[in-house]
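Notes for the one structure printed next.
No lab work stands behind these numbers, since they all come straight from the coordinates. In this text, all values refer to a predicted model and were calculated from it rather than measured experimentally. As a convention, Cβ positions derive from the backbone with ideal geometry for all residues, glycine included, and neighbour counts pool all protein chains shown.
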Amino acid sequence: MDKIRIKGGHPISGTIAISGAKNAALPLMAASLLAQGKTVLNLIPHLADIDSMILLFKDLGVDVERLNDQRLVIDCGHIRSYKADYDLVRKMRASILVLGPLVARFGQACVSLPGGCAIGARPVDLHIKGLQALGANIEIKDGYIYATTPKRLIGTKVALPLVSVGATENIMMAACLAEGTTVIENAAREPEIVDLACFLQKMGAEISGAGTSTLTIKGVPSLKPCQYQVMTDRIEAGTYMIAALITGGTLTLTNAPAQTLEALMTTLRQAGADISIHQHNLTIKPSKTLTGVDVMTEPYPGFPTDLQAQFMALMTVANGASMITETIFENRFMHVPELARMGANITIHGSSALVRGVNKLSGAPVMATDLRASVSLVLAGLVAKGETIVNRIYHLDRGYENLVEKLNRCGAVIDRIKN
């Protein structure tokens, strides 16, 4: 199993181009199932999760081809199967997103209960209840979700008891081909939801309210394939912003989705960052003093849970103390023991972690437990004294395109050890 080796103490300075967003690309791929013919998606990153979805699509009978490195051509005109098998779904939670499109277009779907990062229960009951409200008959048997409908789904009001990005996406996609109007209340407001809505509208869907807590979808008989460019990755951009700040470097991010990073930028400015935005580029510079700041994760537009681990790594070397509270996932502090191995002073109190800044971290062998925890250990390694070895980096491959190469070009001493 490959590892990453880091020799810390080198500022991260230079320019990094932000890749297409994994969390937007996967729903767009799922949505392409709603139309017969060839959909072209641009700026699709090279990631393990994208490869997993491609394998799943090919198993369904979808023709998928990569062109010009970042272009994906998806032909859903010859689907021969409506079953997403366990061996494919277990690798990636986003596989559940094929459930709504399949049952909406073909009247049937069989999808394994999903896997993914071990950061909490993340049940799929909201997906199921939403599709049932639209008229789907659903049975869970032998680890699979079986969904059928004799005719078209029927538009209705769906009030989500909890904000759920995945459930919002699944219900929204299915509702596009339902008969009548669907209203999703307490819908997720994430930028990836807006990107999906824009894509569906280009396919011919009638959607309003994207980016607000109330989504209205007027069903249409069919959708057409189209060409679309996925949004750039706000979580990748936020991660590199923290990389610059933790190492004391100056970094410019090109094609950074700054408008989606307001909560992070506010927090980093409070910690001492100097951030400027010019057109589609964002530049971050450190101040002389890095100060501890309290933060609580929340659904968008609050502070993203997907940046909590990275921010915690930053706070381990800040002056003073900070309290980091996780409200989205119950198991998202698994990076804490690994940061402690590097000398971090962190105490967990239920869903909060008290981080007392230390003068320096020390390189050590550490083990990644999930995607965002993995990159937090890389960030800690960049500033630590000595050598850090990050094990189980297959998590990183799921969500960060060319991480080692991008950091190397900006002054990091980091390499991938092949096993």
* Structure fact -> Under the 7 Å Cα-to-Cβ spin-label approximation, GLU298 and GLU206 lie apart by a distance in nanometres of 3.5
* Length gained when the stretch THR254-ALA159 is fully extended (0.36 nm per residue, less Cα-Cα span) -> 30.4 nm
* Cα-based helix-to-principal-axis angle, 191-202 vs the chain, degrees rounded to 10 -> 30
* Structure fact -> A chain fully extended from ALA17 to ASP63 at 0.36 nm per residue, minus the present Cα-Cα distance, gains in nm 13.6 nm
* Check the straight Cα-Cα distances from LYS360 and name the aspartates and glutamates below 18 Å, setting aside those fewer than 8 residues away within the same chain. => GLU338, GLU387
* In degrees, nearest 10, range 0 to 90: what is the angle between the Cα axis of helix 262-271 and the longest Cα principal axis of the chain? -> 10
* PHE106 to LYS288: FRET efficiency via 1/(1 + (r/R0)^6), r the Cβ-Cβ distance, R0 60 Å, to the nearest 0.05? -> 0.50
* Quick one: grab the alpha carbon gyration tensor of region 184-245, order the square roots of its eigenvalues as a ≥ b ≥ c, and give me rounded if a/c is under 1.5, else prolate or oblate depending on whether a/b is larger than b/c. => oblate
* Among the DSSP beta bridges whose two residues both lie in the chain, what percent are antiparallel, rounded to the nearest 5? -> 70
* Cα centroid distance between region 249-321 and region 1-48, in Å? -> 21
* Hz values of 3J(HN,Hα) by residue in region 288-301 - Karplus curve (6.51, -1.76, 1.60), Gly and Pro given as x -> 5, 10, 9, 10, x, 9, 6, 8, 10, 6, 8, x, 4, x
* Any chance you could run the full-extension gain for SER351 through ARG80? It's 0.36 nm times the residue separation minus the Cα-Cα distance, nm to one decimal. => 93.0 nm
* Structure fact -> Expected vector for region 221-230, Karplus 3J(HN,Hα) from phi with 6.51, -1.76, 1.60 and θ = phi - 60°, integer Hz, x for Gly and Pro, equals x, 7, 10, 10, x, 8, 10, 7, 10, 5
* May I ask you to derive the FRET efficiency for THR266 and ASP2 from their Cβ-Cβ distance with R0 = 25 Å, giving the value to the nearest 0.05? => 0.10
* For region 22-229, give the share of DSSP beta bridges that are antiparallel, in percent and rounded to the nearest 5; count only bridges with both residues there. => 75
* To do: Considering only GLY130, GLY180, GLY292, give the residue with the highest GNM mean-square fluctuation for the chain, with springs between Cα atoms whenever their separation is below 10 Å.
  => GLY180
* Loop-located GluC sites (Glu not before Pro) in region 294-345 whose Cβ has at most 16 other Cβ within 10 Å (DSSP) -> GLU330
* **region 22-229, relative contact order in percent, only Cα pairs under 8 angstrom and at least six apart counted** => 21
* Name the long-range amide H neighbours of LEU361: under 5 Å, sequence gap of 5 or more, or other chain; modelled H, no Pro or chain starts. => LYS385
* Structure fact -> Beyond 25 Å (Cα-Cα) in this structure, taken from LYS285/LYS385; LYS22/LYS141; LYS3/LYS406; LYS91/LYS157; LYS285/LYS418; LYS141/LYS224, we find LYS22/LYS141; LYS91/LYS157; LYS285/LYS418; LYS141/LYS224
* To do: Note down the nm distance, to one decimal, between modelled labels 7 Å out along Cα→Cβ at ARG416 and at HIS280.
  => 2.6
* Asked: What's the angle, to the nearest 10 degrees (0 to 90), between helix 371-383's Cα axis and the longest principal axis of the chain?
  -> 20
* To do: Amide H neighbours of ILE145 under 5 Å, at least 5 residues apart or on other chains, H built in the peptide plane: list them.
  => VAL111, SER112, LEU113
* **Relative contact order for the chain, counting Cα pairs under 8 Å that sit 6 or more residues apart, in percent** => 21
* Structure fact -> Per its Cα gyration tensor (rounded if a/c is under 1.5, else prolate when a/b beats b/c, else oblate), region 22-229 is best filed as rounded
* **Efficiency of FRET between ASN137 and GLN229 - r from beta-carbon atoms, R0 30 angstrom, step 0.05** => 0.20
* Whole-Hz Karplus ³J(HN,Hα) for region 93-103, in order, using 6.51 cos²θ - 1.76 cosθ + 1.60 and θ = phi - 60°, x for Gly and Pro? -> 5, 5, 4, 4, 5, 7, 4, x, x, 5, 5
